[in-house]
Amino acid sequence: MTILITGATGLIGTALTSQLLDQGHTVHFLTTRKEKIITTPNHKGFYWNPTNHDIDLHAFKDVSCVVNLVGATIAKRWTTAYKEMIISSRVQTTNLLYKSLKILDHKVTSFISASGISIYPNSKNTVYTELSKDVAANFLGQVVVAWEASADQFFDLGIEVAKIRTGLVFDASQGAFPRMIQPIKMGIPSIVGDGAQWISWIHIDDVVAIYNHAITKNLRGVYNAVAPVAITNKKFTDLVASYYKIPMWAPNVPGFLLRLFLGSMSSLALEGQQVSVLKLEKTGFKFKYPTLGQALNYLLKK
Ligand SMILES: NC(=O)c1ccc[n+]([C@@H]2O[C@H](COP(=O)([O-])OP(=O)(O)OC[C@H]3O[C@@H](n4cnc5c(N)ncnc54)[C@H](OP(=O)(O)O)[C@@H]3O)[C@@H](O)[C@H]2O)c1
């Protein structure tokens with residue numbers, strides 16, 4: 001089958017692409033970086049510039065499934081201009097895909113979009129399911145609502161839509177994980193805030209497997225995508241410190257200090273939520289790394 005991936009050059013997209021190619025699929029991808037374009041018979045890159053509404057429509061040739069992973073990182077300082085970029089790189093891009101399919105004679109039957117568990121409010125006690133109507137009253141809540149609404153437009157074209165509400169993706173060398181363990185490795189195992197905030201993480205192999213599962217099993221609707229066992233910030237720090245045999249001597253990083261330096265972006269470190277993955281598991285999905293202990297054996301050895 002031919003699958004079109006946006007954001008294919010990123011953390012999840014790179015790993016998903018290589019798995020789909022190994023399985024014999026053809027992968028097309030849209031990139032804003034012309035130097036990333038490659039053209040082989042089963043792996044083809046196409047240029048787009050969503051800001052200018054510029055897109056190479058050849059990208060959709062023979063495509064039956066679109067996997068939408070595009071989005072500017074949220075791990076950069078949230079200035080007003082950058083917040084705008086976080087939203088537009090998700091919504092304007094998805095709108096451009098929608099407008100393209102609207103005018104094309106195409107074969108697309110499914111649209112699988114990245115989304116985030118940050119749609120759910122910060123909570124220490126609630127376990128959110130996909131049925132929850134609670135939306136975080138903050139910037140990320142607003143981003144995810146707009147992002148999912150842009151994905152839902154594809155229903156109008158008779159295309160099935162799946163939204164994968166992803167937690168924090170842990171990879172040994174890229175993304176949040178190496179940055180989170182850096183101070184601990186350097187001997188400063190500081191808990192952030194009171195340490196009771198949840199980290200709903202997922203191993204990169206599992207999130208890639210979930211996208212693959214969504215493609216092959218034709219998943220429709222909203223699915224939470226996190227490891228079944230979340231961890232608190234304190235437990236995370238303890239586990240990594242004990243792996244490196246570092247005593248827990250360091251003082252906590254006070255929440256007010258993070259708020260002072262990072263503003264609303266401090267919510268990334270100080271807030272969290274627990275979400276249920278029962279809906280995904282009922283579709284037959286099996287996690288390779290259900291607990292952080294299992295994942296750390298691989299993440300820290302690399
Ligand atoms: N990683 C996580 O922990 C996590 C958690 C929850 C949700 N997600 C979501 O899952 C998706 C994939 O995540 P990821 O970690 O693989 O992302 P990533 O590594 O940051 O890659 C995202 C890709 O999006 C494209 N992109 C970035 N900024 C853009 C812009 N302003 N305009 C157009 N394209 C832009 C880039 O592709 P080109 O340079 O090729 O154009 C980039 O490779 C994202 O939407 C992300 O928000 C990720």
Exactly one of Gln92, Gln19 is closer than 19 Å to Val144 by Cα, in contact (Cβ under 8 Å) with a residue 12 or more places away in the chain and part of a helix (DSSP H, G or I), and that one is Gln92
Just one listed residue, out of Lys245, Lys282, is among the basic types (Lys, Arg), under 23 Å from Gly116 (Cβ atoms), without any contact (Cβ under 8 Å) to a residue 60 or more places away in the chain and open to solvent by 10 Å² or more (accessible area, probe 1.4 Å), and it is Lys282
Going through region 128-159 in order, the residues found to be open to solvent by 40 Å² or more (accessible area, probe 1.4 Å), closer than 30 Å to His58 by Cα and not aliphatic (A, V, I, L, M) are Asp152, Gln153, Phe155, Asp156, Gly158
Within the bounds of region 3-16, is there any residue that is touching a residue at least 60 places away in the same chain (Cβ under 8 Å), more than 10 Å from the ligand (Cβ to nearest atom) and assigned to a loop (DSSP other than H, G, I, E, B)?
no
Pairing a residue in region 30-52 that is assigned to a strand (DSSP E or B) with any residue that is within 11 Å of the ligand (Cβ to nearest atom) and open to solvent by 100 Å² or more (accessible area, probe 1.4 Å), where Cβ atoms lie under 7 Å and the two sit 6 or more apart in sequence or on different chains, gives Tyr47/Lys34
Residue hits (region 43-85; among the β-branched types (Val, Ile, Thr) and within 12 Å of the ligand (Cβ to nearest atom)) are Thr51, Ile55, Val67, Val70, Thr73, Ile74
Reported set for region 104-151 where residues are within 15 Å of the chain's Cα centre (by Cα), under 20 Å from Tyr82 (Cα atoms) and among the polar types (S, T, N, Q) is Ser115, Ser118
Within region 112-127, the count of residues that are open to solvent by less than 30 Å² (accessible area, probe 1.4 Å) and within 16 Å of the ligand (Cβ to nearest atom) comes to 8
Flagged in region 24-42 as more than 10 Å from the ligand (Cβ to nearest atom), touching a helix residue (DSSP H, G or I) at 6+ places or on another chain (Cβ under 8 Å) and of a type in the set (A, V, I, L, M), in numbering order, are Val27
Per the filter on region 75-89, residues in contact with a helix residue (DSSP H, G or I) (Cβ under 8 Å, 6 or more places away or on another chain), outside any helix (DSSP H, G or I) and either within 14 Å of Gly7 (Cα to Cα) or open to solvent by 60 Å² or more (accessible area, probe 1.4 Å) (or both) are Lys76, Arg77
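The values are calculated or read from the model by the stated rules, or taken from the named source; none is laboratory data. A quick note: this is a predicted structure, and the numbers were derived from the prediction, not measured. Ideal geometry is used to build each Cβ from the backbone, glycine not excepted, and the neighbour counts take in all protein chains shown. Calculation scope for accessible area: heavy atoms of the full protein, side chains included, ligands and nucleic acids excluded. Shrake-Rupley method; radii C 1.70, N 1.55, O 1.52, S 1.80 Å.
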